[in-house]
Structures are given as structure tokens and as C-alpha cells.
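Step one of this worksheet: look at the structure below.
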Amino acid sequence: MNHQSDAVLTFKLYSCFQKIILVFLPGMLIVQTAIAQDNTAYHNGMVVCATPEASKVGLDILKKGGNAVDAAVTVQFALEVTHPEAGNIGGGGFMVYRANTGNTNTLDFREKAPARATTNMYLDSAGNVIPDMSISTHQASGVPGSVDGMVEAHNKYGSLKWASLVQPAIDLARNGFKISAKLASALNHNRGQFIKLNEGKNYLLKDGDWKEGDLLVQEDLAKTLELIRDNGRDGFYKGKVADELIAEMNKGNGLIAQTDLDNYHSVWRKALTGTYKGYKIIAMPPPSSGGIALLQLLHSVEPYSLKRMGHNADSTIRLMTEAERRVYADRSKYLGDPDFFKVPVDSLLNPAYIDSRMKSFSWSAATPSTSIEPGKFVGYESDQTTHYSIVDKQGNAVSITTTLNDSFGSKIFVSGAGFLLNNEMDDFSSKPGVPNMYGVTGGKANSIQPNKRMLSSMTPTIVEKNGKLFMVVGTPGGSTIITSVFQTILNVIEFNMDMQQAVSAKRIHHQWLPDDVETEREALDSTTINALQQKGYKVVSRGTIGRVDAILVTTDGYQGGADPRGDDTALGF
Ligand code: DON
């Protein structure tokens, strides 16, 4: 952990010392992850996001008197430059906002299916899903929403001039920045796909391998960002950039047309709210499944004392897993774009309904996922991402998760414009019951329809305590987003971790199907794994889960949690 002169915290991979403390309580094994403490708190503002460069330019905006939304606009564009895996202007996202007055709002700048999209567009003549068609083709892209989203957010809440908020990204693109070891490795890893899917040279390719410290200069992107700086929405959805995007589509039978760009508009939606043990949870409504699922999960575990059971103890994992399999089963049937499908929000969040779902939970054995179906409602008709958290001096808070979907999206560049296109269409259900790239299934609620938004798991969230701002939290990670946010909130509220500990702690995940408890390496010790296996749980070890970036408001000030799984950085002043 580096401490820099202007009170900057930079958390780098492996920089946090972690040790596992085993605490034996009568009849119960509690495994706690203790992480080197850094509780430095700041009073004037904080930005936590995926790269140190973007955190820095975001913090600069706060220091100049900009508010949290101003800083968010700067961070969004700076991540496009410095975190090309997920930072984007060619993708979309969601913002959850809480003003210091307590007023809340959410902005849906999720991509939409192009008007020419059709329900069976990824199926062959035999009705089978064509592999990769929704992932790495020109037809994988939804109509991008990020630029419109930033313009909308700024028009409503911004205080500094738009041009001054876009300029830092232009400077980063034109002057270049030194890439991290992780970005170098990601670029090298994707080199083959970049060559296969794009013509000629492009800005993310170089002769030979990328190395840590290489300067990445993106002149085409700088020019695109200048048009956005000077013309706002029209700089992207009309003129040169739009023409280049349509020309790119035409190279590969892509579906996005100028009318799709003209018709794209982000939508303000009323925040979804719920409570957990007296805390108020402010979350994203559909077309994200994240808010509903998070509130269902929290309600499912609320009757139990997780604190007493212990962090990542087998009893805690069993309880969370059983809640998760039931909630993800509901997700598969009932969640989709509310503008196209009547999502039964009230029924799904009805406490009696959630309690009834948990009735079949038993401490004696795992409930097989094959015996769990989505819930039934009487009278109901029937269906690489990045997160940043920002708080300003006044206490206004922004929680934004934004994505191209896969790492580097479709891996297809808009030639001449210097940015990548999303492959968000894969978040639709191409065919009922057939899993997408995150292994989640869906049906009618999330089928492809022209102009419809694909279902998301993104869960930007804000938590209040006693009517005051308490936590700003979110993460990438596809279908694991919801469970990562769930665990981070529990880590603080139940397991008394500080923000950094809560973010660094090892995670687990279950999503109904496949019927596996997925665990990060070293999340569980062998005793816990054995205990779970004895009760019928299949435990599967996997790579990292999520990259949570979060802020906690403590009596000392804002405390950051930047995920050591990435280059994520918390900066405060
Ligand atoms: O919206 C969603 O749920 C996905 N497109 C998110 C993708 C994601 O988190 C990838 N990052 N690791």
C-alpha cells in the first residue's frame, strides 16, 4: 500500500497483506479475513475507480469545486482511455445518485437492441444458438448509451462546464499514459482477437508485446472525445463519429443504423429501495436485475445472525447459497426491460413471498437447484464492466457501473474513431434456457426485441444509515456482481470490516444454475469445504470474483475500498 504525499491511497494487487485468523467458538468455526488496516479517511471528497489515472482526474474535478456528478463524467471518459477493457463510450451503464438532501434518482443508460434486431437473430435454421454470434461479431453490439447518459446526468446535476469535464480524458488519450502490468497482459492476451476481428493496424496493437510502463497514445480517440467535448450528445450520435460507427457496422452486417443513434435516450427511473436491519438500501431498478436481487438476498438472510455464524463460515455460505439459488431462479423468469415486459417488482420484493421461498431451506442438506423453480404469483400474467464510487464535499454520492460486457466488448473497433464496441446483446436470452456467457439463462422476459434493453446484473448501490449516507458500492463481474455487492454490504454491517477489508475479503458465488458454490482461491479453508460437501454442496474453486470499488462514510470521514484484484485506486482529499 503506497502513501503518496497528497494523501493518496493506491492499492495494488498483492499489496494488502492478508492473513487468515481462525477463531474457534463453541461448536462453530469462524474464518475471518484480516487485512492490513488503512483507515485513512477524508472529508472533502473521494473517488474510487479502476485506474489510478482516472481516480486522479476525478479527484482534481472535486478539488476544483465540482460535485460528484461532475467528477463522474470525468471518470467515465477517463476510464474509456485508461481502462479500455471496460471503460467506454461504446457501451452503457447505470447510475444510482443520492443528493446530500437525501433525494435519490437513477439513470439508465443501458444499451438497446437496434431496431433491426429480431428475437431469433442468433439461432441457426435448426433453432440452435450460433456460438459466439452474440459475443464477437458486429451484430453483438447494442446501441451505445454512455455518452447520452453522461450528457443527461450533467444537464440535471452537473455544476462545472461540460468541456472542462471531458478535457482530462482528451489529454490522457493524446499525451498517453503508462500502462500497468495488468493492462499490458490483457492487451497481449487479446492481441489475436484484435487482429482477427479488425482490419489493419489499430491503436491497441503494437509490434511485439506490450510491457508495463509502455506509453499508450490514442490520437483517434482524442479526436472523438474532442467532438464530444464540443458538441455534447451530437458529437457522438451525429456527424463524423456516427458516420464511422455506421461504416463499421456495414463492414460486418451490424444492425445499428443512424435512426438507432438518433433514437437512443437514457431514462431516469425511480430508485428501488428496501431495508436491511435498519439500513436503507438504494438500488437500481430493472432493466437491471441487480437491485431486485440484492434486496431479495438481503431480506432472505435478515432473520439470521450472520455476525455470530462468522464471515465465510460454512453456515454463512450455506445460508447465502440457498438465498442465491432461489433469487437467481426468479431472475431467470421475471426480470427484463420494464418498458417491454411487466416485471412483477412488488411481488418479488414482497417480504412474505421472500420468506416463503426460504421455507424450504434446511440446515441439514443442500436444496438441489433442480428442485427450485422460479416463484409463482397468483394473478400474474406471463419473462467487462467497471464500477466507480464518488462522494463530494457536500455529501452528494454517485454509484456508477458501466460496461462493454465482455473484456474489451466485442473486440471490434470503430475504425478511425478509436473506441471499442460493446457485445451487450449477449445479455439477452438468445434462446429460452440456453445460458449466456455468464451461464445465466432467461426466457420471454429477456428475449430479444427491437429497441429493448437487455437484462443486466449491474448493481450500483447506495446505503443509508439513520437517514445519512453510509456506503457507495458496486462492481463488475457479470452474474457475480449481485452476490459481490451483497457480500460487501454484509462484510461491513455484519462482520464489522472497514471498507478496504470488506472489498479485499475473498468471495463466493452461487447462481442457481449451475448448482455450484464458486469460491475464490483461499476463500474457504479445507474444514469449511468439507463441512459444505458433507451437506451436499458442490464447491468449485475459480479465479477472482468481482472488482468492488466502494466508499464508507465513517465518523472520521470518507473511507475508501479499492479492489486489490485490479489496479483500482482510492483517492481522497
Ligand atoms: O450488464 C451485465 O450484467 C453484464 N453485461 C456485466 C458484464 C460484466 O460485469 C463483465 N465484467 N467483468
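The values are calculated or read from the model by the stated rules, or taken from the named source; none is laboratory data. Not measured: the values here are computed from a predicted model. With ideal geometry, Cβ positions are generated from the backbone for all residues, glycine too; neighbour counts draw on all protein chains shown.
If you go through the range 557-570 and pick out every residue that is over 17 Å from residue 483 (Cα atoms), touching a helix residue (DSSP H, G or I) at 6+ places or on another chain (Cβ under 7 Å) and in a loop (DSSP other than H, G, I, E, B), you end up with 3. Kindly indicate whether residue 469 is closer than 23 Å to residue 403 by Cβ, in contact with a strand residue (DSSP E or B) (Cβ under 9 Å, 6 or more places away or on another chain) and of a type in the set (A, V, I, L, M, F, W, C). Spelling it out, it is not the case that residue 469 is closer than 23 Å to residue 403 by Cβ, in contact with a strand residue (DSSP E or B) (Cβ under 9 Å, 6 or more places away or on another chain) and of a type in the set (A, V, I, L, M, F, W, C).
Filtered by the rule that a residue be β-branched (Val, Ile, Thr) and either under 29 Å from residue 103 (Cβ atoms) or part of a loop (DSSP other than H, G, I, E, B) (or both), the range 488-508 gives 488, 489, 492, 493, 503. Residues in the range 457-483 that are out of contact with any helix residue (DSSP H, G or I) (no Cβ under 7 Å at 6 or more places or on another chain) and either under 10 Å from residue 282 (Cα atoms) or more than 10 Å from the ligand (Cβ to nearest atom) (or both): 460, 462, 464, 465, 466, 467, 468, 469, 470, 472.
Could you go through the range 431-454 and let me know if any residue there is crowded, with 21+ Cβ neighbours inside 10 Å, within 14 Å of the chain's Cα centre (by Cα) and in a loop (DSSP other than H, G, I, E, B). No, that holds for no residue.
Exactly one residue among 217, 241 is in the same structural domain as residue 79 (by TED's automatic domain parsing), among the aliphatic types (A, V, I, L, M) and touching a Leu at 6+ places or on another chain (Cβ under 7 Å), and that residue is 241. The range 509-556 holds strands (runs of 3 or more DSSP E) entirely within its bounds, and those carrying 2 or more residues that are surrounded by fewer than 18 Cβ atoms within 10 Å (Cβ to Cβ) map to 539-542. Out of 485, 472, 463, which single residue is crowded, with 21+ Cβ neighbours inside 10 Å, part of a helix (DSSP H, G or I) and not aromatic (Phe, Trp, Tyr)? Criteria check complete, one pass: 485. Here the range 354-372 is the region considered, the condition is being exposed (fewer than 11 other Cβ atoms within 10 Å of the Cβ) and among the small types (Gly, Ala, Ser), and the residue that is farthest from residue 530 (Cα to Cα) is 371.
Inspect all residues belonging to the range 377-384 and state whether any of them is modelled with pLDDT under 95 and within 16 Å of the ligand (Cβ to nearest atom). Break it down stepwise before answering.
Pass one, the range 377-384, residues modelled with pLDDT under 95: 377-384.
Now narrow it down to the ones that are within 16 Å of the ligand (Cβ to nearest atom): 384.
Yes, there is a match, as at least one residue in the range 377-384 is modelled with pLDDT under 95 and within 16 Å of the ligand (Cβ to nearest atom).
Could you go through the range 501-510 and let me know if any residue there is in contact with a Lys or Arg (Cβ under 6 Å, 6 or more places away or on another chain) and not assigned by TED's automatic domain parsing to the domain that holds residue 405. Yes, the range 501-510 has at least one match.
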